[in-house]
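The numbers here are math on the coordinates, done by the rules we state, and not lab data. Everything numeric in this text was worked out from a predicted model, so none of it was measured. Reconstructed Cβ throughout: ideal geometry from the backbone, glycine too, with neighbour counts over all protein chains shown.
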Amino acid sequence: MTLAANPPIEIPLERMTGPQKWDLFQALWEDLSGSMDDEARSPDWHADVLRERLEREERGEAVWRGVDETFDRIRAQIAHGRKN
């Protein structure tokens, strides 16, 4: 994968392990969370998705989990070789 930058940045996703990809994702997430300028904000449609998910939780059709809990669950799944 090549990111559009000057100069372009090559990220060898196909050669990275699951844990390496996860570490990269987490580093990007933490960086974005700390510098939310207009370009880094969620797209407009994301508010609609979150609203629908909250409504599903209120109806008892879903369970809301925070980011930390979700990340912990994904890490555990990766450690055990599962995708979901």
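Please give the charge dipole size of segment 1-40, origin at the Cα centre, charges +1 on K and R Cβ atoms and -1 on D and E Cβ atoms. Round to the nearest 20 debye. Spell out each step's value before the answer.
Working: 2 positive and 8 negative charges, 57 e Å.
For this selection, approximately 280 debye.
Take the alpha carbon atoms of segment 1-40, find their radius of gyration, then divide it by 2.2 N^0.38 Å using N residues; give the quotient. If you can, show how the numbers build up before the last one.
On the way: Rg = 11.9 Å, N = 40, 2.2 N^0.38 = 8.9 Å.
Dividing the Cα radius of gyration by 2.2 N^0.38 Å gives 1.34.
Working from Cα positions, state the angle (0 to 90°, nearest 10) between the long axis of helix 18-34 and the longest principal axis of the chain.
70 degrees
Could you work out the local net charge near residue 58, counting Lys and Arg as +1, Asp and Glu as -1, over the other residues with Cβ closer than 13 Å to its Cβ?
Details: positive: 51, 53, 56, 59; negative: 52, 55, 57, 61.
Every neighbour counted, the sum reads 0.
Starting from the exponent 0.38 and prefactor 2.2 Å, build the expected Rg for the chain from its residue count and divide its actual Cα Rg by it. Don't skip to the answer; put the middle values down first.
Details: Rg = 16.2 Å, N = 84, 2.2 N^0.38 = 11.8 Å.
Here the answer is 1.37, to two decimals.
If we count GluC sites (Glu not before Pro) as exposed when they sit in a DSSP loop and have at most 14 other beta carbons within 10 Å, what is the longest stretch of the chain that avoids them all? Each step should come with its number before you reach the end.
Details: sites that count: 39, 61.
Here the longest run is 1-38.
Starting from 0.36 nm per residue, how many nanometres of slack lie between residue 68 and residue 24 once their C-alpha separation is accounted for? It would help to have the intermediate numbers written out before the result.
Details: separation 44, 0.36 × 44 = 15.84 nm, distance 1.59 nm.
Gain on stretching residue 68 to residue 24: 14.3 nm.
Using only C-alpha positions, report the orientation-averaged shadow area of the convex hull of segment 42-84, nm², one decimal. Write out the running numbers ahead of the final one.
On the way: hull surface 15.4 nm².
Seen from a random direction, the Cα hull of segment 42-84 projects 3.8 nm² on average.
Choose one of 29, 71, 18: the residue whose Cα lies farthest towards the positive end of the charge dipole of the chain (beta-carbon charges +1 Lys, Arg; -1 Asp, Glu; about the Cα centre).
After comparing all options, I get 18.
Under a crude label model (7 Å from the Cα following the beta-carbon direction), how far is residue 9 from residue 55 in nanometres?
Those two pseudo-labels are separated by 3.7 nm.
Explain nothing, just the number: relative contact order of the chain, from Cα pairs under 8 Å at least 6 residues apart, as a whole percent. Spell out each step's value before the answer.
Values: 26 pairs, mean separation 15.7, N = 84.
Here the relative contact order equals 19 percent.
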